[in-house]
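See below for the structure under consideration.
Please treat every number below as a calculation from the coordinates, not as lab data. Just so you know, these numbers come straight off a predicted model, no measurement behind them. A quick note on method: Cβ atoms are made from the backbone with ideal geometry, for glycine too, and the neighbour counts reach across all protein chains shown.
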Amino acid sequence: MNVKPRQRQILTNMSFFFTISYCLLFYVMPCSGSPSTNQDFPLYPAITKNVQFWEKIYAVYSLKQAVIHDSEDLSKIYQVVALVDLEAPLAQQQNAAIQKQACEKYRFILTKLADQPPSSAEEQRVAALFPGKTARQEMAQAASRVRSQSGQKERFLTGVINSEAYLPEIKSILRSYGLPEELAHLPHVESSFNLKAYSRLGAAGIWQFTRETGKQYLAIDYAVDERLDPIAATHAAAKYLAKSFNTLNNWPLAITSYNYGLGGMMRAVDEEGSYEKIFTNYNKGYFKFASRNFYSEFLAARNVANYLEKNHHSGVAREAKYRYLKLQGFAGMQEISQHLSLPIQVIADLNPALLPPVISGEKFIPKGYSLRLPAGGKASQPVASLPTSAFKNDQKSSFIHQVKKGDTAMSIARLHQISVKNLIQANNLDQYATIRLGQNLRIPGKTGAAIENVGKTKNLTISSL
């Protein structure tokens, strides 16, 4: 994990964090076993074991551990295996192999125990997890449900530290929409409060909006991706969650819809009725392990985060103080940096929605963008104090290559001396870099009115691409 010095100091003090972890094990678990008094976020008996499992994942098990468990009964833990440090060479491949081998081991044991009595101490231990007259049948079924889950405690602690700078404003935004402020802990489940988080499916930011859903609420283009801005994305998440709650009239269902989709949850409600029945019985479409456990993960994340926020103060970042400057025109990052006497990197860190083309100067900061700046100093000057010369009427034009017959992503990248990866990212291509005849591709790192292979194409607006 790449962590800042303050975070590294906390994470390397493992003896202190182990103390917190085991305190959490006893501090949080009794809450999980007792009836919830929170009417918004009830703890149903059916999900108690699941909440306890995720509390341990977030608070006890480390990134160097994987829990081998039953995917339906999360209280059945077969083994906790040691993993390779994530910073080690080829760690991802090695850890995948370790977890695969452990899962196969217990699938074999469970399949064997379904046909014959245990013949070793390990088999006796596994068999003891299945008491009752139907034990053999249950073990045969459980053989197909063996799953591995890596621990998250270091990542979760880092997320709590990262959240401190924005949490008060996030809670304030949620309240302004009439939503429970406890929803501010949902990004712990989605992204561990990693502002630059990207999923393999293309979801981005702390609230993990996909590009398709994000465009319904946020600005997403070559210059700006507001999914990466924690404040803008919180407004979007609040709108989505408010819509879901108004439709489903139940927070466990609305929270689950954040993972499964509103339409999917409406179909599940039509078929099963209550959240508990959906959790217990529903198994259609993409409603699998992740969706079934999403609300349980939220409750666990809320519990662990609340404990760490109250009891782990040393080195935790405090709420950031900043103000906004709404730009009256397009503006270059270099000019803004010089006028406000702020390093470009400081501005970039405070405005994660500004994408690399803006930071490098390939594109202007868009007109109307509310620039987040630290409070005090020259940054506190009103926008009107910025010189007129700092603003432009139009965005910088992009350099466009129009795909012709015989072009491939690799040949285009080679022609313009860029990497295929950069071409994919700049044009939001799929993982196979699929392109089509006549498609206009933006060439990152280049600006100007030049258009390659356009032929007879006329009136092509390229400043907005």
So, with points 7 Å from each Cα along the Cβ direction, the Lys49-Asn246 label distance in nm works out to 3.9 nm
Expressed as a whole-number percentage, the relative contact order of segment 322-392 with C-alpha contacts under 8 angstrom and at least six residues apart is 53 percent
Between the alpha carbon centres of segment 95-125 and segment 225-252 the gap in Å comes to 43 Å
Surpassing 32 Å at the alpha-carbon level, of the pairs Lys284/Lys310; Lys239/Lys288; Lys112/Lys153, are Lys284/Lys310; Lys112/Lys153
Residues whose modelled amide H sits under 5 Å from the amide H of Leu371, counting only those 5 or more places away in sequence or on another chain, are Leu325, Lys326, Leu327
Leu299 neighbourhood, Cβ < 10 Å, K/R = +1, D/E = -1, net charge -2
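Suppose a student asked you for the relative contact order of segment 167-285, using Cα pairs under 8 Å spaced at least 6 residues apart; what percent would you report? Walk me through the numbers on the way to the answer.
Numbers: 129 pairs, mean separation 19.0, N = 119.
Worked out over segment 167-285, it gives 16 percent.
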The summed charge of the Glu362 Cβ neighbourhood (under 11 Å; Lys/Arg +1, Asp/Glu -1) stands at +4
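Please report the net charge: other residues with Cβ closer than 15 Å to the Cβ of Gly151, K and R +1, D and E -1. Don't skip to the end; give the middle numbers.
Details: positive: Lys56, Lys64, Arg147, Lys153, Arg155; negative: Glu55, Asp85, Glu154, Glu297.
For residues surrounding Gly151, the net value is +1.
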Between Thr210 and Ile77, the two model label points (7 Å from Cα along the beta-carbon direction) sit apart by a distance in nm of 3.3 nm
With no solvent term and unit scatterers on the alpha-carbon positions of segment 117-213, Debye gives log₁₀ I(q)/I(0) at q = 0.20 Å⁻¹ of -0.96
